Amino acid sequence: MASGVLNSLSLVFLVSGITLWLTSLSLARRARFYQAGMRSLLQLASQNLEPLEIPATAWPVLQDAGWQSLRWEGDWYGQPVQGALGRTDAAAPPNASDQTFEIVSGDEVRLTLHLCHGVRGGERRLFAIQLAQVFVLLLETRLRERTGALSAALAERARLSLYLQHDMRNLAQWVMWVTTDFANAHTPSELLAAAERLRDNAPLAQTRALRLNTALGKTAQTAP
């Protein structure tokens, strides 16, 4: 009797051990597969991709991980944007499960991403969600880089515009002063005095005009 019990327990332990061993091998193989996918996604960070080019580039990795569809929509600097990859039919498998992510960058960009996976639970879905989170983080990082660069460019443009307006106003005031000076000169001596004042102030006005011309991207021309 005792011998039969021991044999039964030995058989149970043997079967359990084999099952655990096979399960660990399957998990290790699946983990290596998803690690390779993770490396592929991280390599996209070194590529010069525009933010809205990332979904199509990353889609093969997400699809291999079991994601069946990827949709996004939102506002892109005042323009509506949308796109879709994967399944195009409205009917999803009975065991499918969705994930939704929101990306916001200031007041300029707002994107909503929807991903649909083929299974609801298990380690396969757990690994797939991690890949999706890396994909969303990559997209958000690139998006913030682009919006930051654009904001800096707009700020520099505003600063340059203010500088140009200041110089143009000073130059216009100088022209008004010169024309008024000559318009009020009615005798030869007054005209001579106005001409002398113009001669004295001309170098400064010329310097400002050259600086303004350079800021506008024009090449100064020398009159014959």
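The values are calculated or read from the model by the stated rules, or taken from the named source; none is laboratory data. In this text the structure is predicted, and so the values were computed from the model without any measurement. Ideal geometry is used to build each Cβ from the backbone, glycine not excepted, and the neighbour counts take in all protein chains shown. Protein only, heavy atoms only, side chains kept; ligands, DNA and RNA dropped before computing areas. Shrake-Rupley method; radii C 1.70, N 1.55, O 1.52, S 1.80 Å.
A few points about this structure:
- Search result, residues across segment 44-81 that are open to solvent by less than 60 Å² (accessible area, probe 1.4 Å) and not in a helix (DSSP H, G or I): LEU49, ALA65, GLY66, TRP67, GLN68, SER69, LEU70, TRP72, GLY74, TRP76, VAL81
- Pair list, Cβ < 7 Å and 6+ apart or interchain, from segment 193-210 residues that are open to solvent by less than 40 Å² (accessible area, probe 1.4 Å) to residues that are small (Gly, Ala, Ser): ALA194/ALA185
- Consider segment 160-185 and keep the residues that are among the polar types (S, T, N, Q) and either closer than 17 Å to ALA215 by Cβ or not in a helix (DSSP H, G or I) (or both). The one that is farthest from the chain's Cα centre (by Cα) is ASN184.
- Of the residues in segment 99-106, at least one is open to solvent by 60 Å² or more (accessible area, probe 1.4 Å), within 15 Å of LEU143 (Cβ to Cβ) and either assigned to a loop (DSSP other than H, G, I, E, B) or modelled with pLDDT of 80 or more (or both).
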